[in-house]
């Protein structure tokens with residue numbers, strides 16, 4: 001049954017260690033709970049229909065995928081596990097690649113991801129990552145992401161929560177628009193640099209260039225609400241992204257709502273190509289010996305993506321701060337009651 005008025009967001013800045021009673025009575029968090037449940041159900045149904053298998057992953061890793069080279073702006077979370085230094089998972093992409101060597105056409109999971117940088121309206125220290133890896137290349141995974149996002153939108157429109165989402169978001173026209181598309185527009189990084197204001201293109205040295213969040217928002221508006229930003233400079237993306245002969249990477253970010261909602265890319269197939277990229281990014285190959293050995297023993301062309309559920313949910317609700325979307329917050333420097 002629909003609520004009579006839009007739920008009021010419980011803002012991140014208002015949360016304290018003593019807000020249990022308010023959280024329990026919040027229509028905002030009840031709505032988020034219902035929408036998240038629909039997204040998870042829809043994700044499972046989507047992949048089952050495409051023979052992409054759910055896989056069970058640990059939450060700790062020895063080889064982090066972020067930071068991973070010259071263009072990284074993310075910090076790993078290091079912990080002591082039974083006396084051994086390790087990291088909380090920033091992504092399980094490497095492990096998904098491993099699972100494809102088990103004979104799967106594709107593999108996916110939804111699980112927490114941990115990052116150490118300071119949180120803000122578009123970054124969380126702990127968020128839910130929906131990641132998948134498939135056999136194939138960049139074009140294959142871009143089509144998979146488009147199909148996945150349009151399917152999620154269609155399921156939300158048919159869900160019992162649709163009226164309540166519309167009440168808060170001021171309508172569902174944006175969801176209807178995406179649900180009705182088959183392909184999203186695409187712009188290369190070089191072309192995008194000429195479309196955004198010059199101050200939104202950053203030169204970070206060592207050949208690393210990036211478009212700022214404000215620049216991403218300009219591109220989203222220019223392309224009618226959603227756009228692929230593709231073929232970034234190879235030095236600006238993780239070492240594990242395969243590259244073209246023109247110095248660009250075989251990768252793309254899906255810009256929607258707050259900015260990047262999903263990032264995808266094709267991986268290096270062989271050990272030699274992966275090792276060259278690692279060295280070129282100034283990363284110690286010894287930290288990734290198992291990954292390199294896997295490529296040596298079982299070379300395989302794969303591609304994958306990661307979608308941040310909170311960022312997607314923020315777009316659905318037309319909300320501007322993903323810190324408001326956690327019932328049980330885990331924010332750096334903010335005490336929690338649970």
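For segment 124-141, the set of residues classified as more than 14 Å from residue 107 (Cβ to Cβ), buried (at least 20 other Cβ atoms within 10 Å of the Cβ) and within 11 Å of the chain's Cα centre (by Cα) consists of 128 only. When each of 273, 262, 249 is tested for being without any contact (Cβ under 8 Å) to a residue 40 or more places away in the chain, closer than 26 Å to residue 134 by Cα and buried (at least 23 other Cβ atoms within 10 Å of the Cβ), the lone residue that passes is 249. Apart from one condition, residue 157 fits all of (1) under 21 Å from the mean Cα position of the chain (by Cα); (2) at pLDDT 95 or above; (3) assigned to a helix (DSSP H, G or I); the exception is (1). Just one of the listed residues (306, 263) is within 21 Å of the chain's Cα centre (by Cα), modelled with pLDDT of 95 or more, within 27 Å of residue 173 (Cβ to Cβ) and not in a helix (DSSP H, G or I), and it is 263.
If you check residue 311 against the conditions, is it in contact with a strand residue (DSSP E or B) (Cβ under 6 Å, 6 or more places away or on another chain), surrounded by 15 or more Cβ atoms within 10 Å (Cβ to Cβ) and part of a loop (DSSP other than H, G, I, E, B)? No; evaluated as a whole, the condition is false for this residue. When 196, 187, 176 are checked against the criterion of being over 15 Å from residue 233 (Cβ atoms), modelled with pLDDT of 95 or more and out of contact with any helix residue (DSSP H, G or I) (no Cβ under 6 Å at 6 or more places or on another chain), a single residue qualifies: 176. It is to be established whether one or more residues within segment 209-229 are touching a helix residue (DSSP H, G or I) at 6+ places or on another chain (Cβ under 9 Å), outside any helix (DSSP H, G or I), closer than 21 Å to residue 93 by Cβ and modelled with pLDDT under 95. Scanning segment 209-229, I find at least one residue that is touching a helix residue (DSSP H, G or I) at 6+ places or on another chain (Cβ under 9 Å), outside any helix (DSSP H, G or I), closer than 21 Å to residue 93 by Cβ and modelled with pLDDT under 95, so the answer is yes.
Quick grid of which residues meet (1) under 22 Å from the mean Cα position of the chain (by Cα); (2) more than 26 Å from residue 318 (Cβ to Cβ):
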site	(1), (2)
182	yes, no
190	no, yes
231	yes, yes
259	yes, no
273	no, yes
283	no, yes
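Of the strands (runs of 3 or more DSSP E) entirely within segment 25-115, those holding at least 2 residues that are at pLDDT 95 or above and in contact with a helix residue (DSSP H, G or I) (Cβ under 9 Å, 6 or more places away or on another chain) occupy 106-114. Taking residue 277, is it modelled with pLDDT of 95 or more, part of a helix (DSSP H, G or I) and more than 24 Å from residue 322 (Cβ to Cβ)? No.
The values are calculated or read from the model by the stated rules, or taken from the named source; none is laboratory data. All figures in this text were calculated on a predicted structure; none of them were measured in a lab. Using ideal geometry, Cβ is built from the backbone for each residue, glycine included, and neighbour counts are taken over all protein chains shown.
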